[in-house]
Amino acid sequence: MVTTLLGVMASGSSGHAPTSDQIDQARAAFEQGVEAQKRQDWAEAARHFARADEVVADPAALEAALVAVIQSDDAVLGVELAARADRNPYRDKLSMLADRTRQRFDGRVGRIVVHCDRCTVSIDGATTRRGVAQWVTTGAHRVALGVDGKTEHHQVHVEPTAIVTILPFGTRPEVLAKPTSAAPTRRGAEQQDGPTDGLSPAFFWVGLALTGAAGGGTIALALDTKSKHDAFAEAPTEEASIAGQNAETRTNVAFAITAGLGMTTAIVGLFAVDWGEDEQVDGTLLVTPGGARAFATYRF
């Protein structure tokens, strides 16, 4: 199995042919990961496998890293690997492991981002890049900013799923955003990032108005049909019979149109309209031998 994985690694998956030195580094890191895996040192195995994939992008090494990190307690590496899996050309194969990794570490991480032009940044003594949201565990962290020979220190507290932003100098750190989930699944992320596909509520209200208008017309035609039926009952002539039949046909057509408009409006309102976050509607469409019924429950 190890030989197979290393063979895949040597081919690379990033679109650029790796150098011999990169292949050697990746192979060494992968073999170290295998040895750590044999000792069931999952945290070390995950780091080595992740390093191998970093040197020569390879889905086999990344898959091994995800499997190992799920068994470990390294929440930061876990969410970083899950994000890396989403960018991998073989992400469909890796998506299940990536989602399991997020579920494993959700609520245990947040992010810190520092915005500055020429400063150096370190978090808990480790140098990091400015302008990039860095995954960290929840709790207290020390952030140091250096520019023009001056150093500014910040003590920040990161809550689960929060993004803490820092602007030097003398600016108080603040929570920039706090999404409901620190690491949503890839499909969930795509849904959040993309534009809404729902229709405007105006479509529902227009449909409701048309249904009401059609219903009023149907009632008028139904009353006219009854009137012609009463006239035929009093004087059963052929002319009255034809007039009554024509009125009945018009009423039935109007009733069908009204029912169609009503059902279409209900379906649009229940399943197609974007009611926004503050006003939501739960809908059920029940089809029975006697027809179809729509039920709606609003939540405010």
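The values are calculated or read from the model by the stated rules, or taken from the named source; none is laboratory data. What you see is a predicted model; the values in this text were computed from it and never measured. Counting neighbours? That spans all protein chains shown, and the Cβs are built from the backbone with ideal geometry, glycine included.
Structural remarks
- Residue that is surrounded by the most Cβ atoms within 10 Å (Cβ to Cβ) [pool: residues in the stretch 144-165 that are under 27 Å from the mean Cα position of the chain (by Cα) and β-branched (Val, Ile, Thr)]: 164
- Here residue 144 does not fit the description of being at pLDDT below 80 and at negative phi.
- Out of 212, 188, one residue alone is modelled with pLDDT of 70 or more and not in a strand (DSSP E or B). It is 212.
- Among the conditions (1) surrounded by 23 or more Cβ atoms within 10 Å (Cβ to Cβ); (2) under 20 Å from residue 161 (Cα atoms), the only one that residue 64 does not satisfy is (2).
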